[in-house]
Amino acid sequence: MAALVTVRRAVAGDIEQLAQVHIRCWRETYRGMLSDAFLASVDPAGRLVLWRHLLDRPDPAEAWVACDGGTVVGFAGRRRLPALGSPEGHQPPASGDLELWGLYLLASHQGRGLGRQLLTVALATDAASLWVAAGNSKAISFYRRFGFEPDGAKDVLADWEDLPEIRMVRAEQRLP
């Protein structure tokens with residue numbers, strides 16, 4: 001019998017698995033965009049600290065996990081941007097203050113509809129924005145299927161070997 005694949009709200013008990021999946025997803029996603037040395041040097045302890053900060057508190061961050069059986073295989077997270085812009089200094093886009101700050105899924109679980117499920121639980125049909133590596137054509141195509149388009153905003157992640165990224169936005173979607 002196949003394991004049950006589900007999407008649910010992330011909880012503090014997911015922290016260790018989320019940290020590991022986060023690193024694995026980065027290594028799969030950014031292979032070819034970042035050097036092997038950089039990807040090998042990413043410290044899992046840093047992701048553990050991040051996920052503890054996000055989930056191990058009375059008011060946890062808005063994050064969801066995709067699970068295959070009891071194993072976390074992906075996640076999505078969203079946040080509201082402050083009126084003056086994101087912590088990175090970007091001004092809020094015309095689409096509003098809701099931002100998808102991450103959506104990652106292990107390669108072994110892509111193509112099964114889990115990415116769509118994660119995006120749907122995180123954003124529903126709300127207007128939103130996200131940042132994506134400019135060279136990640138697979139992710140850009142995925143987001144376009146859900147109404148996101150580049151709005152012209154660009155950035156370079158200096159700490160990530162000067163990885164260029166673009167912002168994509170969508171207006172609120174109406175259900176058919």
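Since every read-out is calculated from the coordinates, none of them should be taken as a lab result. Just so we're clear, the structure is a prediction, and the values are computed from it rather than from any experiment. Neighbour counts are summed over all protein chains in view; Cβ atoms, including those assigned to glycine, are modelled from backbone coordinates with ideal geometry.
A few comments on the model shown:
- Between ARG78, ARG116, ARG145, the residue with the greatest mean-square fluctuation in the GNM of the chain (Cα pairs under 10 Å linked by springs) is ARG145.
- Among the helices of the chain, those built from whole DSSP H runs whose Cα atoms reach 15 Å or more along their own axis and whose mean Kyte-Doolittle hydropathy is at least 0.0 are 44-55.
- Per residue, the chain reaches -8500 deg cm²/dmol at 222 nm when only DSSP H runs of four or more residues are counted, each adding -39500 (n - 2.57).
- Taken along its principal axes, the alpha carbon cloud of the chain reaches lengths of 44, 44, 35 Å, longest axis first.
- Label point of ARG80 set 7 angstrom out along Cα-Cβ; within the range 92-119, amide nitrogens under 12 Å from it belong to 97-99.
- Reducing the range 115-167 and the range 1-57 to their Cα centroids gives an inter-centroid distance of 18 Å.
- Stretching the chain fully between ALA45 and GLU28 yields a gain of 4.3 nm (0.36 nm per residue, less the alpha carbon separation).
- 20 Å cut-off, amide nitrogen to a point 7 angstrom out along ASP97 Cα→Cβ, residues in the range 114-156: 122-131
- Computed about its Cα centre, the charge dipole of the range 5-170 is approximately 580 debye, with only Lys, Arg, Asp and Glu carrying charge at their Cβ.
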